[in-house]
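Each remark here refers to the structure printed beneath this line.
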Amino acid sequence: MNVSRRWLEGFLRRPLDARDVATRLAMAGAPVDAIEPLAPGLEGVIVGLVEEVRPHPNADRLRLCLVNDGSAERRHVVCGAPNVTAGRKYPFAPIGVTVPHGKGGGPMTIERARIRGEVSEGMLCSARELGLGEDQSGLLELDTEAAPGTRLLDAVPVGDDRLVVDVTPNRPDLLGHKGIARELAASYRIPFRLPAIPGSPGATSPTARRVDGTTATIAGLRFGIEDRDGCARFLGARLRGVRVGPSPAWLARRLAAVGVRSINNVVDATNYVMHELNQPMHAYDASRLRGPSVIARRARPGEAVVTLDGVSRTLTDEMTVIADEAGAVGVAGVMGAAHVEVTEATTDVFLECAWFEPRRIRRTRRALGVSTEASYRFERGVDLWGGPDALRRCIELIQATAGGELVEEPLDVWPQVTYPPRIFLRPARVTQVLGVELELRELERCLTAIGATVVSKPADQRIAVDVPGWRPDITAEIDLVEEIARQHGYDNFPTELRPFRVGLRVDAPLETAAARVREALAARGLFEVHTLPVGPSEGPESVQLLNPLSAEEAYLRQRLIPGLLRQVELNWSRQTRDVRLFQIGSVFRTGGGPRPVEETHVAAVVTGARDPAHWTDPARIPAPELRDVDHWDLRALFEACVALALPGASVQVDGAAWVARTPEGRIAGRAERLDAEAPPWAAPVYGFELILDPAPREAPRFRALPATPAAERDLALILPAGVAAAQVEAVLRRAGGALLERVEIFDEYRGPSLPAGTRSVGFRLVLRAPDRTLRDAEVDGLVGRVVAALERELGIALRAS
């Protein structure tokens, strides 16, 4: 939304600073993306009074001017403009001033010059030379009472700032200057009102007469609604004797300030009202209406209309059109037809002001492939109850700039009258939500600042609030509480922690599990990232998007690891070697049904140094590859995450990788070295991904530290081919019973001294009794039973020393 600072000043009746306005709008929820100064470079240009004009002695087309620039001396200026006249005021650029557009088209600094033998001490400027328009046929005449020497920016309202406001879809009222001015007036705590229209007599047009039913006649023209689903309210007025022509300078400047090209005084009036009140309107040449009639109806299948842009558009019966007896004269809420547009030959104008159903306009705009300022507003929702004010404003503006008289009083076709909603607000609820008790007077101030009507109801401890029609986003009590917080000012709330009531609803098990894993991985130095859930196809189970952003992002992701690898490669491209990332997110696959199967996974990638180098470490090794993370670091990280994410799962070897296997035998995760496009200096990348199980975990129980010494025994066992260390550990724990506290692997050997296909694995058994010190005989007996169980169940023998 483009907003003019000077236009806002007309509402607030005070000068504004663009940066201050941007700050206040940001606090109101409408951040300003950019501030664009209009007509820059005019700071040195002043008002000059031409006191004398005489012919140039050596050039027929040049004149010698004596200019009063506010100083004691008069300036001699050579001028070639045909409209220079003694006694008139023009923009004057003294020596040393730079004007935006010189003879070559770029900025030009004014210098003392001799032109055909005569000295010129400055330049009288045209609109083009000042960057205020394209007219370069003559000087820009100034109609001002300002004294000679006054800065042009102070004397004439040409200096302005365009603020590009980021308006969210739920605030359509901010698509008009009145809505922005309302927010600023609440921020400054001052009143505001509509700017006066130059040349207007001040008398407003009569209020539109409401029609009972769906059609009526205005000055011999049939007017009404046939498509009540697409058009809820339809207003119209007819003016005759209108003189269509160029808009006055103030109107053209005001539209140019928001990026709108001036067309003529009638069309500009409708555009002015749209940008001021957020009510799109349309003007028709009434003499070209066939029938004549103006009806809002459904389009007929295959019906065509040539719109204002000269394109013939074919319509469907899902669209609403404005039509006369012969056919469509406009696509409702989008664009009018070319054959009824207002031109300089027009003297009979019909004005239309309507409320169209937003979803219908959005579908129509998409189907036709055209977007306009009107459709942008209609599809977000204009004020259903503000149409009469907008129509009166437009009539006043047309009569002030183009003349004309109303043939009859305007009509308001509104088949089903409705009223803005009334919401009851409890002050106690405001205190409960905001944590601060506000006085009733402050509550009323905040609500009236947004345009609401407040009725106090002290008997039942409620306030009745009539919501303004331009705020369709306010539908419940909590919305009013949010508005009170916004108008009271977020900075005015205390920053200390206040008492609060703990909620009774527990978190979802999945969120609890995710929080547990997130905390553990962050504690190990990993950073959480969020990648897009789309990417290329990963196989036949990939879920394809119907409307992808690009061909490379046409499928929902099946795994998190590819996205994390892309982030690792991005870090490498920026010379970052040590990367530790994790993500918790949803993955998708086809499930044979109408909807894809969704799972929550956790994934992590690590590469680079195991520990960062530090000057306090005397044994640090210069070669980084000697202290990089390896597959054993990956296993430790994987096992820790499996213990938190998959209760009851075990980690097992699968070739060069590890897998997490559930008690039912299903593989639910995998950890391994990953392939990536790495630079020569990068370390290997390791990663894992596993399913996040939301099953509740038992709370950890307290267990006192042992008070008795432990006994340790090392066993060097020869494992046949195909026997995993996890199988051996399971037998050891079962045979060791309650006295076996811990099992650790401390060595592995493969070599020619062992039978073919076997390996030697060293297991350390830690034995302890909680109530006594174990004797050697008791320990030896238990070890003997363990060795016998291994030989009996797995065929494992002790390695000879």
Helix 725-736 versus the longest principal axis of the chain: what is the Cα-based angle in degrees, 0 to 90, to the nearest 10?
60 degrees
Simple spin-label model, 7 Å along Cα-to-Cβ: residue 653 to residue 537 in nm?
3.8 nm
For region 641-763, alpha-carbon Rg relative to the globular expectation (2.2 N^0.38 Å, N residues):
1.35
Kindly provide the helix-only [θ] at 222 nm of the chain, computed as the sum of -39,500 (n - 2.57) over DSSP H runs of four or more divided by all residues, to the nearest 500 deg cm²/dmol?
-7500 deg cm²/dmol
Pull out the extension gain between residue 681 and residue 306, defined as 0.36 nm times the separation in residues minus the alpha carbon to alpha carbon distance; nm, one decimal.
128.6 nm
Could you tell me how far the Cα centroid of region 526-558 sits from the Cα centroid of region 24-96, in Å?
60 Å
Probe 1.4 Å, all protein chains in place: accessible area of residue 778 in Å², nearest 10?
70 Å²
Please give the FRET efficiency for residue 495 paired with residue 58, using the beta carbon to beta carbon distance and R0 = 60 Å, rounded to the nearest 0.05.
0.20
Please list, in order along region 192-201, the HN-Hα scalar couplings obtained from phi with the Karplus expression 6.51 cos²θ - 1.76 cosθ + 1.60 (θ = phi - 60°), rounded to whole Hz, x for Gly and Pro.
9, 7, 5, x, 5, 9, x, x, 7, x
For the chain the mean separation of alpha carbon contacts under 8 Å (6+ apart) over residue count, i.e. relative contact order in percent, is 8 percent
Write down the radius of gyration of region 108-205 and its Dmax, each obtained from C-alpha positions, in Å.
20.8, 66
On the formula 1/(1 + (r/R0)^6), with r taken between the Cβ atoms of residue 744 and residue 111 and R0 of 56 Å, the FRET efficiency rounded to 0.05 is 0.05
Using a 1.4 Å probe on the protein chains only, how many percent of the accessible area of region 375-485 belongs to carbon and sulfur?
49 percent
At 7 Å along the Cα-to-beta-carbon direction for both residue 597 and residue 194, put a label point, then send me their distance in nm to one decimal.
6.3 nm
Once the Cα atoms of helix 265-277 and of the chain are each reduced to a long axis, what angle between those two axes, in degrees from 0 to 90 to the nearest 10, is obtained?
40 degrees
At a 1.4 Å probe radius, which order do 414, 355 fall into by accessible area, largest first?
355, 414
Given 10 Å bins starting at zero, what is the percent of C-alpha pairs of region 305-360 in each, up to the one with the largest pair distance?
21, 54, 23, 3
As a test of reading the structure, rank 247, 573, 293 by solvent-accessible area (1.4 Å probe, protein chains only), most first.
573, 247, 293
Tell me, what are the semi-axes, in whole angstrom and largest first, of the equivalent ellipsoid of region 1-159 as set by the roots of 5 times the Cα gyration tensor eigenvalues?
35, 16, 13
Just to make sure I understand: if all protein chains stay in place, what is the order of 23, 168, 662 by accessible area at 1.4 Å, largest first?
23, 168, 662
With a 1.4 Å probe and every protein chain left in place, tell me how much accessible area residue 448 has, in Å² to the nearest 10.
70 Å²
How far apart, in nanometres, would the label points at residue 85 and residue 154 be if each is projected 7 angstrom from Cα along the Cα-to-Cβ direction?
2.8 nm
For the chain, compute Rg over Rh where Rg is the Cα radius of gyration and Rh is the Kirkwood radius from the inverse mean 1/r over Cα pairs.
1.15
Can you work out the accessible area per residue across the chain, with the rest of the protein chains kept in place, probe 1.4 Å, in square angstrom?
51 Å²
Loop-only check: which trypsin sites (Lys or Arg not before Pro) in region 129-194 are DSSP coil with at most 12 other Cβ within 10 angstrom?
189, 193
Keeping all protein chains in position, work out how much accessible area residue 17 exposes to a 1.4 Å probe, and write it in Å² to the nearest 10.
90 Å²
Tilt of helix 776-794 relative to the longest C-alpha principal axis of the chain, in degrees (0 to 90, nearest 10)?
70 degrees
Could you check how many percent of all C-alpha pairs in region 25-92 are farther apart than 13 Å?
71 percent
Report ³J(HN,Hα) in whole Hz for each residue of region 226-239, in order, from the Karplus equation J = 6.51 cos²θ - 1.76 cosθ + 1.60 where θ = phi - 60°; Gly and Pro get x.
10, 9, 6, 6, x, 9, 8, 8, 9, 10, x, 8, 10, 10
From the phi of every residue in region 332-341, what ³J(HN,Hα) in whole Hz does the Karplus formula 6.51 cos²θ - 1.76 cosθ + 1.60 yield, where θ is phi - 60° and glycine or proline is x?
4, x, 10, 7, x, 8, 6, 6, 10, 6
Pairwise FRET efficiency - residue 250 versus residue 14, Cβ, R0 = 22 Å, nearest 0.05:
0.70
Counting only Cα atoms, I'd like the Rg/Rh figure for region 162-212, Kirkwood definition for Rh.
1.10
About the Cα centre of the chain, what is the dipole size in debye to 20, counting +1 per Lys and Arg Cβ and -1 per Asp and Glu Cβ, all else neutral?
580 debye
Give, in nm to one decimal, the length gained when the segment between residue 775 and residue 314 is fully stretched (0.36 nm per residue of separation minus the Cα-Cα distance).
156.2 nm
Distance between region 215-231 and region 240-281 - C-alpha centres, whole angstrom:
26 Å
Roughly to the nearest percent, how much of the accessible area of region 646-791 is carbon and sulfur, given a 1.4 Å probe?
52 percent
Where the convex hull is taken over the Cα atoms of region 362-453, what is its projected area averaged over directions, in nm²?
11.1 nm²
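The values are calculated or read from the model by the stated rules, or taken from the named source; none is laboratory data. Computed from a prediction, not measured in an experiment: that's the story for all the values here. Neighbour counts are summed over all protein chains in view; Cβ atoms, including those assigned to glycine, are modelled from backbone coordinates with ideal geometry. Remember, those area values only see protein heavy atoms, side chains included, never the ligands or the DNA or RNA. Shrake-Rupley method; radii C 1.70, N 1.55, O 1.52, S 1.80 Å.
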